[in-house]
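All remarks here apply to the structure that follows.
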Amino acid sequence: MRVKRLAPEETWRRRFGHIVEFERILVDEGTTLVKLYLQISKDEQRQRLQARLAESDKRWKFDVGDLDDRALWHDYIAAYEEALTLTSTEHAPWHVVPADRKWYRNLVVSSILIQTLEEMDPRYPPEPDLEGVVVE
């Protein structure tokens, strides 16, 4: 919205506060949030776009509009940085994950999710008292 001017600045700026408030409500009600920003470099993006053109089985992923968006790379980066800064809070922090190498991205994401699940310590609910229950 910001980069392509799809909404006035006052609208998208106000939404940062809405996001923080909404996430606070979710966390207060017991939801665990894991926010991951997969960050690729401009060079890696170029290589991936080029691969979509070069490999016939990947052409379906290519959109000419991607080239227009790529021309706005620095504007998008500035918008992402501001959004991440303004919506990363103690109760719902962002994890910025380097994603140029998929194996490394997967390792980092898996580690974050494993740590989160370990902290949550999920358990099966207690078994109901089934004494005398017969299924007919």
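Only the coordinates and a few stated rules stand behind these numbers; no lab work does. This is a predicted model, so every value here is computed, not measured. Glycine gets a Cβ as well: all are built from the backbone with ideal geometry, and neighbour counts include every protein chain shown.
Below, the figures for the structure above:
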| read-out | value |
| --- | --- |
| Placed amide H near GLN39: partners under 5 Å, 5+ positions off or other chain | VAL97, ALA99 |
| Angle in degrees between helix 9-28 and the longest Cα principal axis of the chain, rounded to the nearest 10 | 20 |
| Acute angle (nearest 10 degrees) that the helix 102-120 long axis makes with the longest principal axis of the chain, alpha-carbon atoms | 30 |
| Relative contact order, percent, the chain [alpha-carbon distance under 8 Å, six or more residues apart] | 33 |
| Folded to 0 to 90 degrees: helix 73-87 orientation relative to the chain principal axis, Cα | 30 |
| Estimated dipole of the chain in Debye, rounded to 20 [Cβ of Lys and Arg +1, of Asp and Glu -1, Cα centre] | 1160 |
| For region 36-44, 3J(HN,Hα) per residue [Karplus equation, 6.51 cos²θ - 1.76 cosθ + 1.60, θ = phi - 60°, Hz, x = Gly/Pro] | 10, 10, 8, 9, 10, 7, 4, 5, 5 |
| Listed residues ALA51, LEU36, LEU72: farthest to the positive end of the dipole of region 28-80 (Cβ charges) | ALA51 |
| Order by protection proxy (mean Cβ within 10 Å, highest first), peptides 1-14, 83-96, 119-132 | 83-96, 1-14, 119-132 |
| Theoretical gain in end-to-end length, ARG46 to ILE25 [0.36 nm per residue, Cα-Cα removed] | 3.6 nm |
